[in-house]
Amino acid sequence: MNQTVKGYLFAVLSAVIYGCMPLMAKHIYADGVNPLTLVFLRNLFSLIPLELLALRERETLKIKACLLPSVGMISLLGCCVASFILCLATGSLALPSTLLGWGMSVLFSLLVTTGAVVLFQESTFLVGGEIASILSTLEPITSTVIGILVFYEPFGIRMILGTALVVTASLLTALFNLREKPEAQALRFSKKSV
């Protein structure tokens, strides 16, 4: 498969997964989990898969000792430890009450925190950050479609026009870059390998 086409597919798939978050979260909430606990579980269950991906690429999640203070402060803030402490401090830790709820929480973490993030990052390597970002605008469209079909949200002319504009912009961007000269594509891929 053409590397550019693969990059587009990765970006679109990442956007669709992100767009499905409300639907997945709704089922987890029905099992007794609240939003803050879901943030904690989402980060917790992604640690092992991310470590395995790092090992597969012959990389490591280990960092130099001199970087520990700064990296530690950064990670404590959008991560698992901070959300867990916040859950405990506010008394809002609400773990799933059934095996299905636990399974849905693990699936949510794997799809969103591991799958969608890795797909988007790979897409940026293959087609560049600008294109991947534009294609990621399909995320709200996915959320809109799910909102209409699952949550019965109203669907008016402004929503139709907005959706059409986003889809058109994404398609035009993809078509324009598929025509990009092979030399430019080769240059991008050579930069990735450096």
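Site pair Leu55 and Thr168 shows an inter-label distance of 5.0 nm when each label is modelled 7 Å from Cα along Cα→Cβ.
If you take the alpha carbon atoms of region 1-151 and fit the smallest convex hull around them, that volume is 144 Å³ per residue.
Going from the residue with the fewest nearby Cβ atoms within 10 Å to the one with the most, Met104, Met1 rank Met1, Met104. With R₀ set to 25 Å, the beta-carbon distance separating Ala65 from Ile85 gives a calculated FRET efficiency near 0.60. Modelled this way, with points 7 Å down the Cα-to-C-beta line, the labels at Asn34 and Asn2 are 5.0 nm from one another.
Remark: spin-label model distance Leu161-Leu93 equals 5.0 nm, labels positioned 7 Å along the Cα→Cβ axis. Listed from fewest to most Cβ neighbours within 10 Å, the set Glu139, Glu57, Glu153 follows the order Glu57, Glu153, Glu139.
The numbers here are math on the coordinates, done by the rules we state, and not lab data. All figures in this text were calculated on a predicted structure; none of them were measured in a lab. Reconstructed Cβ throughout: ideal geometry from the backbone, glycine too, with neighbour counts over all protein chains shown.
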